[in-house]
Amino acid sequence: MTRREIIKQGGLALTALAMPFPLITFSKDNSMTDKKQFDVIIIGGSYAGLSAAMALGRALRNVLIIDSGLPCNRQTPHSHNFITQDGTKPREIAEKAKEQVLKYDTVKFLNDLAVSGRRTKNGFTITTKTGETFEAKKLVFATGVKDIMPDIKGFSECWGISVIHCPYCHGYEVKHEKTGILANGNFAFHYAQLIRNWTKDLTIFTNGKSTLTQEQADKISKHNIPIIEKEIAEIKHENGYLKQIIFKDNSTFDLKAIYSRPDFEQHCKIPETLGCELTEQGLLKVDMFQKTTVANVFACGDNASPLRSVANAVATGNLVGGMINNIMTEEEF
């Protein structure tokens, strides 16, 4: 298989507009021969990108999905709080979604990495790591975000398994267990309010001097939630499942799970190079229809929402697909 082929594995999606492009043939397995122009290019082929591609493919739009195969939840053992898929492995959800999406002849898939993009007279050109170039009038970025792991031994190995970010996704599985919050300031206070709904055996670890206000600290104390300001040296675990925290003074603290919200950055820099604005939180700025601040460029999933869940990614991807098709039908009428 050559690098020009679009295979049914992996996934950054590229989607283009409806325009009278030259007729180019495709093989029955959805692999690409020489087609370079699409109605929509979707960059990112996980839950949001695949959801957008299905809506567009069913609307008879020619779509290209480009994906490098590194979803941010690849370590997470099970997905929860997603109706019909509760408890399913994230990879299984993505594989089933991809299989269903690629049954539509209008959707093609390229296992590659989109590395640059530029405006053209008729839309956009996307270039991949292997040197391929593709054109489209509409772009969808479903590229997610890249978490920046703190300098704590064992943190990255536990991330998504026992070091978790969302109680709606993971809280039920560790309910009533001895649980920690690795955060400081306003984040720590918000987590304390929220996580207390799932467990009362809760401890805050600020990993250094606390930046909580006195009012926040007093309120936390009223709920018998200890605040430990020691610096953390290591998270001791077994295959990603947390056993205890080891502090820099060599003291330890046993735990079942810990909530944390590490810093992140955009996984793909192309939207910024095209002029898309970011929010104060570092997310792509979108309106209620997932439009970015650049015309004909859309974003969906984790890169444009603080609600990091499979269900939200699927929902925003579906919305993007419908919105783009609606815009295109108006343009063509």
Within the range 79-100, the count of residues that are part of a loop (DSSP other than H, G, I, E, B) and among the β-branched types (Val, Ile, Thr) comes to 2
Here the residues within the range 254-284 that are surrounded by fewer than 21 Cβ atoms within 10 Å (Cβ to Cβ) and closer than 23 Å to Asn186 by Cα are Arg261, Pro262, Asp263, Phe264, Glu265, Leu278, Thr279, Glu280, Gln281, Gly282, Leu283
A careful count of residues in the range 286-324 that are in a helix (DSSP H, G or I), under 21 Å from Thr125 (Cβ atoms) and more than 17 Å from the chain's Cα centre (by Cα) gives 1
- [ ] For Lys89, indicate whether it is at pLDDT below 95 and under 30 Å from Lys236 (Cβ atoms).
- [x] yes
With the first residue restricted to the range 113-130 and required to be farther than 17 Å from Ile66 by Cα, and the second required to be buried (at least 21 other Cβ atoms within 10 Å of the Cβ), Cβ contacts under 6 Å at 6 or more apart or on different chains are Gly123/Ala136; Gly123/Lys137
In the range 273-285, anything touching a Cys at 6+ places or on another chain (Cβ under 8 Å) and either assigned to a loop (DSSP other than H, G, I, E, B) or free of Cβ contacts under 8 Å to residues at least 60 places away in the same chain (or both) is listed as Lys285
**Prompt:** Yes or no: Phe134 more than 20 Å from Ile161 (Cα to Cα) and either touching a His at 6+ places or on another chain (Cβ under 7 Å) or of a type in the set (Phe, Trp, Tyr) (or both)?
**Reply:** yes
Within the range 129-142, the count of residues that are surrounded by fewer than 24 Cβ atoms within 10 Å (Cβ to Cβ) and out of contact with any Leu (no Cβ under 6 Å at 6 or more places or on another chain) comes to 5
**Prompt:** Could we say that Leu56 is hydrophobic (A, V, I, L, M, F, W, C), part of a loop (DSSP other than H, G, I, E, B) and more than 15 Å from the chain's Cα centre (by Cα) here?
**Reply:** no
Among (1) among the β-branched types (Val, Ile, Thr); (2) outside the structural domain of Asn296 (by TED's automatic domain parsing); (3) buried (at least 21 other Cβ atoms within 10 Å of the Cβ), Ile161 falls short only on (3)
Q. Looking at Ile228, is it of a type in the set (A, V, I, L, M, F, W, C), under 20 Å from Ala192 (Cα atoms) and in contact (Cβ under 8 Å) with a residue 40 or more places away in the chain?
A. no
Taking the range 98-139 and keeping only residues that are β-branched (Val, Ile, Thr) and within 23 Å of the chain's Cα centre (by Cα), one is left with Val101, Val107, Val115, Ile126, Thr127, Thr128
Just one listed residue, out of Ile225, Ile204, Ile245, is outside any helix (DSSP H, G or I) and closer than 25 Å to Pro77 by Cβ, and it is Ile245
Listed by first then second residue, the pairs whose first member lies in the range 180-205 and is within 15 Å of Asn224 (Cα to Cα) and free of Cβ contacts under 8 Å to residues at least 12 places away in the same chain, whose partner is in a strand (DSSP E or B) and among the β-branched types (Val, Ile, Thr), with beta carbons under 7 Å and at least 6 positions apart or on separate chains, are none
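The values are calculated or read from the model by the stated rules, or taken from the named source; none is laboratory data. Note that the structure is a prediction, hence the values are computed from the model and not measured. Neighbour counts are summed over all protein chains in view; Cβ atoms, including those assigned to glycine, are modelled from backbone coordinates with ideal geometry.
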